[in-house]
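Worksheet: one structure, shown below.
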Amino acid sequence: MYFETLALRAFRCFESLDVEATPGVNVLLGDNAVGKSSVLEALFLLARGESFRQTGFSDRIRDGQSRFRVQAGIRDERNLGRSVSVEGAGNRTQLHLDAESNTTRLDLVQAIPLQLIDPNVHRLMTEGPRFRRRFLDWGVFHVEHSFFGSWQRFRRALKQRNRALRHAWPKKDVVAWDAILIREAEHLDACRRAHVDAIADALPQSIRDQFGHARIRFHYRPGWPVDENFDRALARTLDRDQKAGFTQVGPHRADLRIKLDQVQARNQVSRGQQKLLTTALLLAQARVMYGRRGLSPVLLVDDIAAELGQEYRDLLGKELAALGSQVFITFLDAASVPEPLAGGRRITLATSDNGATVI
Ligand SMILES: Nc1ncnc2c1ncn2[C@@H]1O[C@H](COP(=O)(O)OP(=O)(O)OP(=O)(O)O)[C@@H](O)[C@H]1O
Ligand SMILES: [Mg+2]
């Protein structure tokens, strides 16, 4: 899957911007505030139906205008051309895939596998388990088609069980949901476990080499003690669940620990190393998606130069170029583009009276 064209209307600083993209590396160049991140934001919006920026909805509409439109032509794995658009006015967004008016966010996520690597990428390692579950589940969703249904059934049953716990209903009303929870948890767990193993295998050797003799290891935690079956854990924690008013064990509490030998990497490595490792994790996941399903996720890379020196930048540039996915990557000037990406298509942005444009 790749983007062929992108059109922005009244989006952020852009009055009107039209970009033609190459299926390989697209290098977005321009000074601060010309709109490089905004172009990535538009691509992300098309792929996820939501922004990665924590700003108010109306902030996306160009100042002085009442609605924005972002539209792209994409080409899918079967070489079919499709059109996708997001329009926003007031607090409402409308999503369209091939002019379908009832397109959902899930339709977009399914149609456009896309990942963002930005200066916050290290949060995947440093923040809470929710970030890592989201990362894992996005990948599993794309490679294992039974995952989503299983997750939905699990979530529904969990909600009902938690309702029974919250209202202190009799035990039988709580455990009535356990059979569904156990069945779906085992499937979710198996999918996630296989995905983590595949990512560990796909982690580029060049990145492993950066950590010297220390071995990078992934410890997947299912959300209950590893030496116990889920049905046992669920039965054991029932009393505590009743006191707490919610279900304390299960795949909704899963986590992925990244370790260097025996120590949690986040406690030991520098910020630059955190960024290198988390970026490598995303690239490894992209490799897995290609290997398992022939899917090449589009990669948006914003401001890789922030906190990364020449050596790490060159290393990631080489891995990105080797991936064969479509890449959109931002730089302030051509001199900062790592050599392996230098052959990419250059899209240079500059400000003008009518907002930023391509020059
Ligand atoms: N709704 C809006 N209307 C008009 N301009 C906006 C709007 N939202 C953001 N901007 C402006 O858009 C400009 C581009 O922002 P963006 O973050 O995309 O730039 P950038 O090229 O990524 O810059 P940097 O190199 O500093 O990261 C900024 O000057 C910002 O103030
Ligand atoms: Mg930016």
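Give, as residue ranges, the strands (runs of 3 or more DSSP E) completely inside the stretch 254-359 that count at least 1 residues that are modelled with pLDDT of 90 or more.
Numbers: elements: 255-260, 298-301, 327-331, 345-352, 355-358.
Here the list reads 255-260, 298-301, 327-331, 345-352.
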Among the candidates Y290, Y312, single out the residue that is among the aromatic types (F, W, Y), more than 16 Å from ligand 2 (Cβ to nearest atom) and touching a helix residue (DSSP H, G or I) at 6+ places or on another chain (Cβ under 7 Å).
-> Y312
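Which is assigned by TED's automatic domain parsing to the domain that holds R9, of a type in the set (G, A, S), closer than 19 Å to L349 by Cβ and surrounded by fewer than 15 Cβ atoms within 10 Å (Cβ to Cβ), of A33, A99, A42? It would help to see each step written out before you state the result.
Values: A99 fails: closer than 19 Å to L349 by Cβ; A42 fails: surrounded by fewer than 15 Cβ atoms within 10 Å (Cβ to Cβ).
Answer to the selection: A33.
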Within the stretch 322-341, restricting to residues that are open to solvent by 40 Å² or more (accessible area, probe 1.4 Å) and closer than 29 Å to F14 by Cα, the one that is farthest from the chain's Cα centre (by Cα) is A335
What are the residues in the stretch 120-161 that are out of contact with any helix residue (DSSP H, G or I) (no Cβ under 6 Å at 6 or more places or on another chain), within 23 Å of Q273 (Cα to Cα) and among the polar types (S, T, N, Q), if any?
-> N120
Those residues of the stretch 342-352 that are within 16 Å of ligand 2 (Cβ to nearest atom) and either open to solvent by 30 Å² or more (accessible area, probe 1.4 Å) or in the same structural domain as G139 (by TED's automatic domain parsing) (or both) come to a total of 2
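Of these, L45, L106, which one is without any contact (Cβ under 8 Å) to a residue 60 or more places away in the chain, more than 28 Å from E319 (Cβ to Cβ) and not hydroxyl-bearing (S, T, Y)?
Numbers: L45 fails: more than 28 Å from E319 (Cβ to Cβ).
None of the other options fit; the residue is L106.
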Is there a residue being open to solvent by less than 30 Å² (accessible area, probe 1.4 Å), touching a residue at least 24 places away in the same chain (Cβ under 8 Å) and farther than 28 Å from T237 by Cβ anywhere in the stretch 142-165?
-> yes
Hey, does the stretch 5-22 have a residue that's buried (at least 16 other Cβ atoms within 10 Å of the Cβ) and under 19 Å from the mean Cα position of the chain (by Cα)?
-> no
Check on R48, more than 17 Å from L114 (Cα to Cα) and open to solvent by less than 50 Å² (accessible area, probe 1.4 Å) | no
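The values are calculated or read from the model by the stated rules, or taken from the named source; none is laboratory data. Because the structure is predicted, anything quoted here is derived from the model rather than measured. We place every Cβ from the backbone using ideal geometry, glycine too, and count neighbours over all the protein chains shown. For accessibility, only protein heavy atoms count, side chains too; no ligands or nucleic acids. Shrake-Rupley method; radii C 1.70, N 1.55, O 1.52, S 1.80 Å.
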